[in-house]
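Take a look at the structure below.
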Amino acid sequence: MARAERIRIYDVARVAGVSVATASKALNDTGRMTEETRKRVKQTAAALGFRPNAMARALTQQRSFTIGLLTNDTYGRFTLPVMAGVSEALVDQGVSVFLCGIEDDATLAKLHLDAMLDKQVDGIIATGKRIDRRLPVDLSHLPVPVVYAFTEGPDDAVTLVSDDAQGARDATEWLQRIGRTTLAHITGPDTFASVSTRADAFHAIAGQGAQVLHGTWSEAWGHEAVDRLWTGNAPRPDGIFCGNDQIARGVVDALRERGVDVPGDVSVIGFDNWEIVAALPTASLAILGSTRRVVCSRPCASPTFVRRFPIPSITVAMPPNTRTESSATSLGRSFRSEERLSSRAVDL
């Protein structure tokens, strides 16, 4: 099959009846001309299927209009929602995002980083599987800005993580507000910083005697934890706060297998707002919205969950007295280190 010829700006100018210079200015919203001329040129370009030469555009504006996203979260549980939010924020600016998975391989990470720099990306976003581990590559002293999301960054870097303590407090207080008196927290391994933070916040509200069970981030662990709670000597809980939605789904299934009415007899809340679980028609659990679509060009409205529930804030950590800006959008004001935002989205 013959390849269609690329439509050039010369073709647009010829069909629109203007010079190449006028066509270029019209398409870039620069220069002086009548609105009728500018509109005619743009309509002609659209009708012909004209696409600007990205290489020429980059050369002229000294930008590649690309952002690199580097991650060791190859499953995509955290990274894909971040990438979706970044892409949504930048698409209207003509900026593309490309993802490089590095596992935990330092050699692979360096290879992808060098490729990003060779392609002259305008910036890099580093994301990971947990907030207390760094990616296996040094991103300091790069010639482009670097932002860290859901991974540990240097002390002088801009880092975005969810406020785990606030989220845990909100979940526990909600269980108490609806009349639950015997609470339990089923969560992941205690080697995770986020797990320890949430457990401490849970105990601060529910009391030090409230049960906390640590296991894997899985539905199977949710099943096993319910078995321990129902066969043990301690009072059975009527409210369960789960460390993620996979655990919560296992908990709900295990309770139903035992004939327990959820949420009639036991209320269950999961921390994450994972769409796969939140969309289940038989989930019967409340979802605490730690939505990881964290970057957008303007504040985002709170989404609707299985039950309406406040979302935890995003914590932005950055050096004191600094201002974060990019060529696309900016925070618009300075933030103090570890300032907590009321919205789940901030401008970058």
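Flag set for residue 104, criterion: out of contact with any Asp or Glu (no Cβ under 7 Å at 6 or more places or on another chain), within 19 Å of residue 80 (Cβ to Cβ) and surrounded by fewer than 16 Cβ atoms within 10 Å (Cβ to Cβ).
Okay, residues lined up against (1) assigned by TED's automatic domain parsing to the domain that holds residue 270; (2) without any contact (Cβ under 8 Å) to a residue 24 or more places away in the chain; (3) out of contact with any helix residue (DSSP H, G or I) (no Cβ under 9 Å at 6 or more places or on another chain):
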| position | (1), (2), (3) |
| --- | --- |
| 141 | no, yes, yes |
| 174 | yes, no, yes |
| 179 | yes, yes, yes |
| 186 | yes, no, no |
| 201 | yes, no, no |
| 205 | yes, no, no |
| 208 | yes, yes, yes |
| 214 | yes, no, no |
| 227 | yes, no, no |
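The condition of being farther than 25 Å from residue 246 by Cβ and of a type outside the set (Val, Ile, Thr) holds for only one of 192, 98, 202, that being 98.
Of everything in segment 38-51 that is assigned to a loop (DSSP other than H, G, I, E, B) and exposed (fewer than 14 other Cβ atoms within 10 Å of the Cβ), the residue that is modelled with the highest pLDDT is 49. Take the residues in segment 14-32 that are at pLDDT 90 or above and of a type in the set (A, V, I, L, M, F, W, C); name whichever of them is surrounded by the fewest Cβ atoms within 10 Å (Cβ to Cβ). Step by step, filter segment 14-32, then rank; the result is 15. Among the strands (runs of 3 or more DSSP E) confined to segment 99-197, the ones with at least 1 residues that are at pLDDT 90 or above are located at 123-127, 146-149, 183-187. Among the residues of segment 119-144, just one is of a type in the set (S, T, N, Q) and either crowded, with 22+ Cβ neighbours inside 10 Å or within 17 Å of the chain's Cα centre (by Cα) (or both), namely 127.
I'm checking my understanding of the structure. Among residues of segment 14-46 that are of a type in the set (Gly, Ala, Ser) and in contact (Cβ under 8 Å) with a residue 24 or more places away in the chain, which one is nearest to residue 93 (Cα to Cα)? Per the stated criteria, the residue is 45. Restricting segment 145-164 to residues that are buried (at least 18 other Cβ atoms within 10 Å of the Cβ) and small (Gly, Ala, Ser) leaves a set whose member that is farthest from residue 82 (Cα to Cα) is 153. Checking the structure you have, find out if any residue of segment 187-210 is on the phi < 0 side of the Ramachandran plot, surrounded by 15 or more Cβ atoms within 10 Å (Cβ to Cβ) and over 30 Å from the mean Cα position of the chain (by Cα). For segment 187-210, residues on the phi < 0 side of the Ramachandran plot, surrounded by 15 or more Cβ atoms within 10 Å (Cβ to Cβ) and over 30 Å from the mean Cα position of the chain (by Cα): present.
The values are calculated or read from the model by the stated rules, or taken from the named source; none is laboratory data. Remember, it's a predicted structure, so these values are computed and weren't measured experimentally. We place every Cβ from the backbone using ideal geometry, glycine too, and count neighbours over all the protein chains shown.
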